[in-house]
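The values are calculated or read from the model by the stated rules, or taken from the named source; none is laboratory data. Remember, it's a predicted structure, so these values are computed and weren't measured experimentally. Note that each Cβ is placed from the backbone with ideal geometry, even for glycine, and that neighbours are counted across all protein chains shown. Ligands, DNA and RNA are excluded from the accessible area calculation, which covers all protein heavy atoms including side chains. Shrake-Rupley method; radii C 1.70, N 1.55, O 1.52, S 1.80 Å.
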Amino acid sequence: MLDGSGWVASGDKTASGLPLLAVAPNLPLQIPSPWYEIGLYCVGVSASCPYHVTGLSIPGMPAVWMGHNDTIAWGFTSAWIDEQDVIVVQLNPANPMQYEWDGVWRDLTVREELLTINNEEEPIPLTIYQTHIGPLIPLTEDGSPGDQALVVLWSGYRAPADPVGALLRLDRAENWSDFRAALQTWGGAAVHALYADVQGHIGYQVAGNVPQRSSDDAGLIPVTHPGAASEWSGYVAFDDLPSTFDPAAGYIIAANNPAEIESLLLDRTAHTTETFAAIQSDTTSPFAAQLLPYLLDIDLEDESLIEMRSWLAGWDFRFNMDSAQAALFSAFWLRLLDYTFADELGTVPCDCANVRQSMLELLDYPNHPWWDDVQTEQVTERRDAVLRRAFEQAIADVTKRLGDDRTTWTWGALHTVRFTHVLTDIFGVSVIEDRFNQGPFPVSGSADTINTTPSRTAPDRRFEVVAAPSARLIIDLSNFESSRAMLTTGQSNHLASAHYDDMIDPWRFIEYHPMLWENASIEAAADAMLALEPAADLPTPPPDE
């Protein structure tokens, strides 16, 4: 949830002298967009109706998640804190409805549910087994308890949370103190929360339930000693969670790629919404810049390979959708995964940060066992041979997909997004799916660029984008009217609406529309209005008990 990039800069770093805040949360691709833009305005702001706020919301949520009101702006990205543990428990051979805890058999709680799937006439029964700390995951094929099972310990299940209340408090917050007070009831998945206000202040706060584990359990692997020692002692107090207010650096970054964002922020001292938009669109890959020198350093005998490598060496490491070199490098990188990790693991690992870092460390050990192909029993491969093989095969792969003329190659021809409607899984009819779904479309970026668009590694769906910036916001605290935004697909869920998919091209080309704020601007831009008025004879609701 809400992976991606966000940052805020104080007036010391902006042309206006007041803060700018940017956020682009990454989420899986879908249509309609997971967000919609909304303005929540009371006709007259008062204690009984205190809302004057605009930004992003989600269907069914009566609040603005990210945006601004009259005095503050805020945005979220995922904090990626480990909020879940798995505990291995033994079940009683004499009574599978009991599990062992601290050497004592305890009874499972059993709950029966009926699931209606795809409007089938007969519901499917589901038995849920519950321990005192969380649900049980059976390890048997039929879902029965068996001899051993897993217990899921999750903060979202155990800890009280009030996300709607927290968001409504954020929507009406007036300052840093109000902002932090609202986040104290956030609960659930932890987030990086960025803050700015019209007084010139900036801030950052981690919000959410962060488990306090025993010193023996770091939460990295399943716990095999079920008992009180494996339970959490509680949650980290809100005031002990990371937080900063008006840091001396003049900026705060909460992102997958902080070093690249920091470099671009430090490039100038007078940032504007335009320069922030340029940062959000950046496609430079630090990983490519670190990996390519190893390929350039090996011996090649084939003249065609030497020439192709010289051509690749002139690349600027940008994953723009029209880049030919980006296509070849990506094919080389995934073939390198095939020939190192995949033969031992049985499948190609994800193109993610930990895998990339592992490869960079492995490259410094040319005789490491990971380089050896376990399928060739009589040969022991070394690093340079694998690099050479991966490069040669990558050229063949791209040529097969895009043709012999490399001047026609583009990264976007391989790296595409497809927005899939959730209902198409239910329909299962290609004509309907083709109408609801949108794409594929070429896009820029990669897994480690600021414009983050990670893609699949499996051979049958290689390069298909799996997640992307689900929206982009840039909020100008000096003039809210100059703030800007863009969703992935469109503002409407109605298939016949012109706004069902009219944001796809602006989104993938990193364009924006204004976040209108003043009433006069909103009314001038309006082309339709839907008024919902309650009937005069509505029944009086019962009094609160």
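Of all the criteria given as (1) farther than 28 Å from GLN212 by Cα; (2) within 22 Å of the chain's Cα centre (by Cα); (3) of a type outside the set (Asp, Glu), the one not satisfied by ASN26 is (1). Checking each residue in region 318-353 for being open to solvent by 20 Å² or more (accessible area, probe 1.4 Å) and among the small types (Gly, Ala, Ser) picks out GLY346, ALA353. Condition (residue is over 22 Å from TYR512 (Cβ atoms) and out of contact with any Cys (no Cβ under 7 Å at 6 or more places or on another chain)) applied to region 12-21: is it met by at least one residue? Checking region 12-21: at least one residue is over 22 Å from TYR512 (Cβ atoms) and out of contact with any Cys (no Cβ under 7 Å at 6 or more places or on another chain). When each of GLU112, GLU122 is tested for being in a loop (DSSP other than H, G, I, E, B) and among the charged types (D, E, K, R), the lone residue that passes is GLU122. Scan ARG309, ARG335, ARG318, ARG356 and give me the residue that is of a type outside the set (A, V, I, L, M), within 18 Å of SER446 (Cβ to Cβ) and over 24 Å from the mean Cα position of the chain (by Cα). Step by step, each of ARG309, ARG335, ARG318, ARG356 is checked, and only ARG335 is of a type outside the set (A, V, I, L, M), within 18 Å of SER446 (Cβ to Cβ) and over 24 Å from the mean Cα position of the chain (by Cα).
Can LEU18 be described as in contact with a helix residue (DSSP H, G or I) (Cβ under 9 Å, 6 or more places away or on another chain), more than 18 Å from ILE474 (Cα to Cα) and open to solvent by 30 Å² or more (accessible area, probe 1.4 Å)? In short, no. Pairs linking a residue in region 341-362 that is without any contact (Cβ under 8 Å) to a residue 40 or more places away in the chain to a residue that is part of a helix (DSSP H, G or I), with Cβ atoms under 6 Å and 6 or more positions apart or on different chains, are LEU362/TRP370.
Cβ-Cβ contacts under 9 Å between residues 6 or more apart (or on different chains), taken from a first residue in region 477-489 that is under 14 Å from LEU21 (Cα atoms) to a second residue that is part of a strand (DSSP E or B) and of a type in the set (Ser, Thr, Tyr), are listed as LEU477/THR14; SER478/THR14; PHE480/THR54; SER483/THR54.
Summed over region 38-62, residues that are open to solvent by less than 40 Å² (accessible area, probe 1.4 Å) and within 19 Å of the chain's Cα centre (by Cα) total 3. Considering region 63-112, and only residues there that are acidic (Asp, Glu) and in contact (Cβ under 8 Å) with a residue 12 or more places away in the chain, the residue that is surrounded by the fewest Cβ atoms within 10 Å (Cβ to Cβ) turns out to be GLU112.
Kindly provide the set of residues from region 477-487 that are buried (at least 24 other Cβ atoms within 10 Å of the Cβ) and in contact with a Leu (Cβ under 7 Å, 6 or more places away or on another chain), ordered by number. Within region 477-487, just LEU477 meets the criteria. In region 125-140, of all residues being in a loop (DSSP other than H, G, I, E, B) and touching a residue at least 40 places away in the same chain (Cβ under 8 Å), the one that is farthest from GLY219 (Cα to Cα) corresponds to THR131. Selection of region 399-439 for residues being β-branched (Val, Ile, Thr), within 30 Å of LEU328 (Cβ to Cβ) and either touching a Ser or Thr at 6+ places or on another chain (Cβ under 9 Å) or at pLDDT below 95 (or both) yields THR410, THR416, VAL417, THR420.
Screening PRO454 on (1) touching a helix residue (DSSP H, G or I) at 6+ places or on another chain (Cβ under 8 Å); (2) touching a residue at least 60 places away in the same chain (Cβ under 8 Å); (3) farther than 30 Å from GLU518 by Cβ shows it passes everything except condition (1). Can ALA468 be described as modelled with pLDDT of 95 or more, in contact with an Asp or Glu (Cβ under 9 Å, 6 or more places away or on another chain), part of a strand (DSSP E or B) and open to solvent by less than 10 Å² (accessible area, probe 1.4 Å)? Against the criterion (modelled with pLDDT of 95 or more, in contact with an Asp or Glu (Cβ under 9 Å, 6 or more places away or on another chain), part of a strand (DSSP E or B) and open to solvent by less than 10 Å² (accessible area, probe 1.4 Å)), ALA468 does not qualify.
Among the residues of region 155-186, how many are without any contact (Cβ under 8 Å) to a residue 12 or more places away in the chain and either among the aliphatic types (A, V, I, L, M) or not in a helix (DSSP H, G or I) (or both)? Of the residues in region 155-186, 0 are without any contact (Cβ under 8 Å) to a residue 12 or more places away in the chain and either among the aliphatic types (A, V, I, L, M) or not in a helix (DSSP H, G or I) (or both). Just one of the listed residues (GLU381, GLU377) is part of a loop (DSSP other than H, G, I, E, B), more than 17 Å from GLN30 (Cα to Cα), open to solvent by less than 70 Å² (accessible area, probe 1.4 Å) and at pLDDT below 95, namely GLU381. Could we say that ARG356 is among the basic types (Lys, Arg), open to solvent by 30 Å² or more (accessible area, probe 1.4 Å) and either farther than 27 Å from ALA278 by Cβ or part of a helix (DSSP H, G or I) (or both) here? Against the criterion (among the basic types (Lys, Arg), open to solvent by 30 Å² or more (accessible area, probe 1.4 Å) and either farther than 27 Å from ALA278 by Cβ or part of a helix (DSSP H, G or I) (or both)), ARG356 does not qualify. Mind checking whether some residue in region 203-212 is open to solvent by 20 Å² or more (accessible area, probe 1.4 Å), small (Gly, Ala, Ser) and under 30 Å from ASN479 (Cβ atoms)? Within region 203-212, none of the residues are open to solvent by 20 Å² or more (accessible area, probe 1.4 Å), small (Gly, Ala, Ser) and under 30 Å from ASN479 (Cβ atoms). Exactly one residue among LEU300, LEU312 is of a type outside the set (Asp, Glu), surrounded by 12 or more Cβ atoms within 10 Å (Cβ to Cβ) and touching a Lys or Arg at 6+ places or on another chain (Cβ under 9 Å), and that residue is LEU300. When LEU114 is tested against (1) at pLDDT below 90; (2) within 21 Å of SER214 (Cα to Cα), only condition (2) is not met.
Of all the numbered requirements in (1) part of a loop (DSSP other than H, G, I, E, B); (2) closer than 29 Å to ILE279 by Cβ, SER214 misses one, and that requirement is (2).
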